[in-house]
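Some notes on the structure that comes next.
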Amino acid sequence: MTKSALQIARADYMPKMPEALKGNVKIEEGAATESVNDQHEIQKLFPLTYGMPIVKFVEASENSNTDSPVNVGIILSGGQAPGGHNVIAGIFDGIKKLHADSKLFGFILGPDGLINHKYKELTADIIDEYRNTGGFDIIGSGRTKLETKEHFDKGLEILKKLGIKALVIIGGDDSNTNACVLAEYYASINAGVQVIGCPKTIDGDLKNEQIETSFGFDTACKVYSELIGNIQRDCNSARKYWHFIKVMGRSASHIALECALQTHPNICIVSEEVAAKEQSLDSIIDYIAGVIARRAEKGMNFGTVIIPEGLIEFIPAMKKLIQELNDFLAQNQEEFDLVRRSGKREYIISKLSPENSAIYASLPENVARQLTLDRDPHGNVQVSLIETEKLLAEMVKKRLDEWAKEGKYSGKFASITHFFGYEGRCAAPSNYDSDYCYSLGYTASMLIAAGKTGYMSSVRNTTAPAAEWIAGGVPITMMMNMERRHGEMKPVIQKALVELEGAPFTYFVSQRDKWAIDTDYVYPGPIQYFGPTEVCDQPSKTLQLEQTGEIGIQ
Ligand code: FBP
């Protein structure tokens, strides 16, 4: 494999770690915990893993190594996120420290690898190739849900065969929920296999009081912010385009908000605000067109708009339309397929309820088509494939044309659209993610040595220097509540949406009118791996605002 100069230099980077993890460790247990909501139901569903204490690791004087090898299996679950390889390297170094003969097995392509017994032993040579690199390619990832008894039993066969003491599932909220169900099940049958979770997702929506952030968010946002900054500099140089930039984040708008905090765009839409204010698509268009018109009055016919990927489902009226379309197409797909392509739009308009039909009719041709074509295996419209950035750009143009006719707008409008998602998910992890992930992995191995199951590895206080970080574990049941999923009440980890009362959004609101009209762009530049600490080691703005109330150096 040919390596870049950066890859070669990064291979030697030693992730910074909490002081407490550097030598022998001992565990400190806190008080019993409760789930965030629905305590009675969650306790009933998880009798063996409910109520366990939060734990942390502290330095110990006595030897904390184990008498026998600690064999561990790992699964990468869901979308890629920068730093996954360092979680694995941290686990590897942790179990080798515990006992030199410990072995690490990686299950290939996500949960499928466990179910179908596809695995590979990750030896020191392999691990060394992947230290501080982006991607999940060391073993690959997959989106199969590990949730049935058949899956669990099939998995146990191979775990037993390989003498695996614990399974670490590196995933988002759903995968960690399933990790907890698995932990409970293995405990209930005395399987002798522990299950530990690690918080992963660039979307940043797996966080709470104990889990400060999910890994990968920091790097992905820095990559998108570099690109947005570059676009802003281009746009401020040519002064002739409005750039509509959609950024990933299936549901929550954390990525969009973080990128806004890093780059000061003219407009950033936050889906959670749209939902809370029950905004219509029309009012969003009015808002964007209004800023464009105000800038045009000052002679500035250029700017940037950041749009969160999940927006469409947060607009109440669009959500209803999508719901009716899902239901209608699920029952009438065959008839719909027989309608000629040129007649499909009219067909749908004639079939929907009057309210949804009017909204559907107002959508540009391509978006209306995407809403009927792009469906996942469960029959849902795949919102991530809907080109919201194009939808907004087209509708804004229409609105500005109307205003021009009414004499309310006399600027020039030309737009360019972008979607940033896959560009950031496998980037070489920032120092923050390299360090954080390595510590998460190392901590997971310590949780295993302490005999814990049903815990998520946690590293806190990460806005302080790494030596002061606090490593430990949180019972996964503590993060759970009951939610309706596919018509049934299920125990799930609460997804963290952008809090409208929280420090990052409040700060954004205090600045956005200024950013809209002034051109106050920030150009963060590429992630730096070597150099002054304020350039290389700064955590995300979201984290800094949440933990310290300060935004840090721009
Ligand atoms: P995870 O929640 O699994 O980490 O994935 C998040 C994400 O990157 C979203 O931002 C995006 O909508 C989605 O994955 C894309 O999924 P896919 O990789 O299947 O195209």
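What follows draws every value from the coordinates through simple rules; no lab data is involved. As the structure is a computational prediction, the values presented were derived from the model and not from experiment. Neighbour counts run over all protein chains shown; Cβ positions are idealised from the backbone, glycine included.
Helix 173-188 against the longest principal axis of the chain: what's the angle in degrees, Cα atoms only, rounded to the nearest 10? Taking Cα atoms only, the helix is inclined about 30 degrees. Residues whose amide H lies under 5 Å from that of T304, counting only those 5 or more places away or on a different chain, are H243, N266, I267; hydrogens are built 1.01 Å from N in the peptide plane. Within the straight-line cut-off of under 17 Å between alpha carbons, the aspartates and glutamates reachable from K397 are D282, D286, E297, E365, E387, E389, E406, sequence neighbours fewer than 8 places apart in one chain being disregarded. Ordered by the number of other Cβ atoms lying within 10 Å of each residue's own Cβ, fewest first, M395, M248 fall into the sequence M395, M248. Spin-label model, L500/K154: points 7 Å from Cα along the beta carbon direction are separated by 4.4 nm. Over all orientations, region 427-516 has a Cα convex hull whose mean projected area works out to 9.9 square nanometres.
Residue-normalised convex hull volume from the C-alpha trace of region 400-554: 221 Å³ per residue.
Summing charges over neighbours of Y50, with a neighbour being any other residue whose Cβ is under 13 Å away from its Cβ, gives -3 when K and R count +1 and D and E count -1. Maximal additional length on extending the Y347-E335 stretch stands at 3.3 nm, based on 0.36 nm per residue less the C-alpha distance. The fraction of Cα-Cα pairs per 10 angstrom bin, counted from 0 for the chain, comes to 4, 17, 26, 25, 17, 9, 2, 0, 0 percent, rounded to whole percents. Helix 388-405 and the long axis of the chain differ in direction by around 20°, with both axes built from C-alpha atoms. Each Lys and Arg adds +1 at its Cβ and each Asp and Glu adds -1 at its Cβ; summed about the Cα centre, the chain shows a dipole of about 1100 debye. Taking 0.36 nm per residue of sequence separation and removing the Cα-Cα distance, the K22/Q382 pair yields an extension gain of 125.1 nm.
The rule of thumb for compact globular proteins, 2.2 N^0.38 Å, goes into the C-alpha radius of gyration of region 406-454 2.45 times. Net length available on complete extension from Q511 to R143 is 128.6 nm, with 0.36 nm assigned per residue and the Cα-Cα distance removed. Rounded to the nearest Hz, the phi-derived 3J(HN,Hα) couplings of region 340-357 under the Karplus curve 6.51 cos²θ - 1.76 cosθ + 1.60 (θ = phi - 60°) are 5, 3, 5, x, 5, 4, 5, 4, 4, 4, 6, 9, 7, 4, x, 4, 6, 4, where x marks glycine and proline.
Listed by chain and number, the lysines whose alpha-carbon sits under 20 Å from that of K390, ignoring those within fewer than 8 places in the same chain, are K240, K246, K319, K398, K412. Highest mean packing comes first when the peptides 332-339, 286-293, 172-179 are listed by Cβ atoms within 10 Å, giving 172-179, 286-293, 332-339.
Placing unit charges on the Cβ atoms only, positive for Lys and Arg and negative for Asp and Glu, gives region 126-246 a dipole magnitude near 320 debye about its Cα centre. In the chain, helices alone account for a calculated mean residue ellipticity at 222 nm of -13500 deg cm²/dmol, with every DSSP H run of four or more residues adding -39,500 (n - 2.57). When both bridge partners sit in the chain, DSSP labels roughly 40% of those beta bridges antiparallel. Considering region 62-157, its Cα convex hull presents a mean projected area of 6.9 nm². The long axis of helix 316-338 is offset from the longest Cα principal axis of the chain by roughly 90 degrees. The residue among N71, L392, I470 whose Cα reaches farthest toward the positive pole of the charge dipole of the chain, with charges on the beta-carbon of Lys, Arg, Asp and Glu, is L392.
If you wrap region 180-231 in the convex hull of its Cα atoms and look at it from every side, the mean projected area works out to 4.7 nm².
More than 23 Å apart: what percent of Cα pairs in region 127-237 qualify? Considering region 127-237, 45 percent of its Cα-Cα pairs are separated by more than 23 Å.
Work through the residues other than E29 whose Cβ is under 12 Å from its Cβ and net out their charges, Lys, Arg +1 and Asp, Glu -1. Once positives and negatives cancel, what remains is +2. Of all lysines in the structure, those lying under 26 Å Cα to Cα from K120, and not within fewer than 8 positions of it along the same chain, are K3, K96, K97, K103, K145, K149, K154, K160, K161, K165, K200, K452.
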